[in-house]
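Heads up, the thing below is written out as structure tokens.
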Amino acid sequence: MYLQTHPKKKKNDTYNYYSIEESYREDGESKKRKIMYLGKLTPEKAQQIRNVLKISASVDTIVTTIDDLLFVDHWHYLDVAFLNHLWDKEWGLSELFPSPQDSSKNRKKDISTGDIAKILTFYRCLDPGSYRSAVDWFKTTACDLIIGIDQVHFNESRIYRELTIIEQQKEKIEQWLYETLKERDNASMRMVFYDLSDSHFEGTKCELASPGRTKSHGFRSKRVVLSLLVNSKGEPFSWDILEDYTAD
């Protein structure tokens, strides 16, 4: 079935009237018959009827309503997809990490160093916690679908095996950020600023952390001080952790 248009001209105006019709064959000839005359419709209503007829033409179509849908689980998608766009499309950070072939000569890696770094970065942005908790967080997201990996390969042992390789890319990442920011806005790199920030940990084995007063959370037994180089727009391109730091 389909929606048939019947234009009728009155004076200088044309009006459209509609009917639902269907095609069939009789004695080897193609014919059509009118199922229902609908009269005049708004363009929006006519399009709605076309959509319904198109859907009903498929034998695999199941017609339902929003009240019939039952959501038994959900995964974080939009925030992860947005960060993935920034990581790959805006900054091209995946290119800075070694390929699975380069970083592992003896065995095939099911997940790349770049993907591990990407997931850990997303985790720190959206729900910061320990590396051990990253696996549990990962299972609540659509990261595996967005990045294109099998979630069984993202586990604690894989994270710890990749941390050293990720750390070794620090200078390459800093150089890439500097060159990219300079290329996009050379004027913003004519003056750079040195900034200090801090954070804290609840764990017990952070060798770079020491007792101290944080800017936002008061005294903490595991505080780290982060030094940053930023351009005139406040965009960082180099960083370091300061050990045994006592004052700005």
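Between GLY114, GLY148, which is of a type outside the set (Ser, Thr, Tyr) and at positive phi?
GLY148
I'd like the residue in the stretch 226-248 that is modelled with pLDDT of 75 or more and more than 18 Å from GLU167 (Cβ to Cβ) and, out of all such residues, is surrounded by the most Cβ atoms within 10 Å (Cβ to Cβ). Steps first, answer last, please.
Step one: list which residues in the stretch 226-248 are modelled with pLDDT of 75 or more, which gives 226-242.
Remaining after also requiring more than 18 Å from GLU167 (Cβ to Cβ): 229-235.
Numbers: LEU229: 16, VAL230: 17, ASN231: 20, SER232: 13, LYS233: 10, GLY234: 10, GLU235: 15.
Of everything passing the filter in the stretch 226-248, ASN231 is surrounded by the most Cβ atoms within 10 Å (Cβ to Cβ).
When the residues of the stretch 53-68 are narrowed to those that are under 20 Å from MET36 (Cα atoms) and of a type outside the set (A, V, I, L, M), which ends up surrounded by the most Cβ atoms within 10 Å (Cβ to Cβ)?
That would be LYS54.
Checking SER112 against (1) hydroxyl-bearing (Ser, Thr, Tyr); (2) within 25 Å of THR180 (Cα to Cα); (3) surrounded by fewer than 17 Cβ atoms within 10 Å (Cβ to Cβ): exactly one of these is not met. Which one?
Just one mismatch for SER112, condition (3).
Quickly run through the stretch 131-153 and pick out the residues that are assigned to a loop (DSSP other than H, G, I, E, B) and either without any contact (Cβ under 8 Å) to a residue 12 or more places away in the chain or not hydroxyl-bearing (Ser, Thr, Tyr) (or both).
LYS139, ALA142, GLY148, ILE149, ASP150
Check off (1) touching a Ser or Thr at 6+ places or on another chain (Cβ under 6 Å); (2) modelled with pLDDT of 80 or more for PRO211 and give me the number that stays unchecked.
Single failed check for PRO211: (2).
Can you pull out the residues in the stretch 28-80 that are part of a helix (DSSP H, G or I), over 19 Å from THR5 (Cα atoms) and either of a type in the set (Gly, Ala, Ser) or in contact (Cβ under 8 Å) with a residue 12 or more places away in the chain (or both)?
Passing the criteria: SER56, ASP79, VAL80.
Quick one: what pairs do we get from the stretch 188-214, first residue in the same structural domain as PRO236 (by TED's automatic domain parsing) and closer than 13 Å to VAL225 by Cα, second modelled with pLDDT of 85 or more and of a type in the set (Gly, Ala, Ser), C-beta under 6 Å, 6+ apart or different chains?
Within 6 Å, the pairs are LEU196/SER227.
May I ask you to verify whether LYS34 is surrounded by 12 or more Cβ atoms within 10 Å (Cβ to Cβ), out of contact with any Pro (no Cβ under 8 Å at 6 or more places or on another chain) and among the basic types (Lys, Arg)?
no
Report every pair of residues separated by at least 6 positions or lying on different chains whose Cβ atoms are under 9 Å apart, first residue within the stretch 154-170 and over 22 Å from PHE237 (Cα atoms), second assigned to a loop (DSSP other than H, G, I, E, B) and of a type in the set (Asp, Glu).
If the second residue must be assigned to a loop (DSSP other than H, G, I, E, B) and of a type in the set (Asp, Glu), the pairs left are ARG158/ASP110.
Identify, from the list SER112, SER99, SER103, SER130, the residue that is closer than 24 Å to ARG158 by Cβ, in contact with a Lys or Arg (Cβ under 8 Å, 6 or more places away or on another chain) and at pLDDT below 95.
Answer to the selection: SER103.
The values are calculated or read from the model by the stated rules, or taken from the named source; none is laboratory data. Keep in mind that what you see is a predicted model, and the values were worked out from it rather than measured. Note that each Cβ is placed from the backbone with ideal geometry, even for glycine, and that neighbours are counted across all protein chains shown.
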